[in-house]
Amino acid sequence: MQPLTIILVDDHEVVRMGLRLLLEQIPETRIVAEAGTAADGVRLCSLHQPDVVIMDIRMPPGDSGIEACRAIVERQPGTQVIMLTSYADDELIADAIRAGAVGYVLKQGGTGELIRALDAVRQGAALLDPAITRRVLAMMRQRGDTRHDPFNELTDREIDVLRLLAEGKNNAEIAAALVLSDKTVRNHISVILDKLHVGNRVEAATFAIDHDIRSYRSSAP
């Protein structure tokens, strides 16, 4: 099995050092670069094309981890972004999900938390704790974020994948149409299922058709 390539992004060197020590204990992982700013993280992702970016959700003012996540996901759809957080801040996690992150890891979670996260990435799964997910979605509904937009949580690329899924395309056909790898398509579909809270691709396609995804245009500014 090919090692999972990883970039670490955190403005605190001691945090990066701790993560590096933990990751060195996990088989089949390889750190290819580290960055102390979100901007450097985006630049290094373009250079190294890693499988995973582990990035601090809270960065100094003017150096947003959320915006960096959005840029990475749009430019490198094959790269999965895991956000680091000191505690489960529902609002920040909601912002990270909308930006395309596959989930989050608590900084104090230790080796077991990282292993769980990286295993989920290998399997194309999302890393969203069900209790946190319910709270985040309830908060988003209260704010009116999803009132008029059933696909509000999906990134533009995920919308593209779901639209083709609703047309009955298989993974290989979706990959060919969007010029993606099969693995990337599987990752996107797994995240779509989690975000839409459906159990399989048939339910996702049915949801998409019921909500007229063929004529859907994002309501985002």
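What follows is calculated from the coordinates using simple rules that are stated; it is not laboratory data. The model shown is predicted, which means the values in this text are computed figures rather than measured ones. Here the Cβ is made from the backbone with ideal geometry for all residues, glycine too, and neighbour counts use every protein chain on show.
Some points to look at:
- Neighbour counts of C-beta atoms inside 10 Å place His48, His188 in the sequence His48, His188, starting with the fewest.
- Residues of region 34-69 with an amide N closer than 14 Å to a point placed 7 Å from the Cα of Val15 along the Cα-to-Cβ direction: 35-39, 41, 54-69.
- Residue-span extension gain [Val198 to Leu106] - 0.36 nm each, minus C-alpha spacing: 30.5 nm
- Put in line by how crowded their Cβ is, counting other Cβ atoms within 10 Å and starting with the fewest, Phe207, Phe151 read Phe207, Phe151.
- Summing Lys and Arg as +1 and Asp and Glu as -1 over all other residues whose Cβ lies under 11 Å from the Cβ of Lys195 gives a net charge of -2.
- Cα gyration tensor, region 4-137 - rounded (a/c under 1.5), prolate or oblate: rounded
- Potential extension, Asp182-Glu74 segment - 0.36 nm per residue separation minus Cα distance: 37.1 nm
- Look at the alpha carbon pairs under 8 Å that are at least 6 residues apart: their mean separation over the length of region 4-137 gives a relative contact order of 21 percent.
- Global form of region 148-214, assessed from the alpha-carbon gyration tensor, a/c cut-off 1.5: prolate
- Net charge of Cβ neighbours under 10 Å - reference His12; Lys, Arg +1; Asp, Glu -1: -2
- By the beta-carbon count within 10 Å of each Cβ, the least crowded to most crowded order of Lys169, Lys183, fewest first, is Lys183, Lys169.
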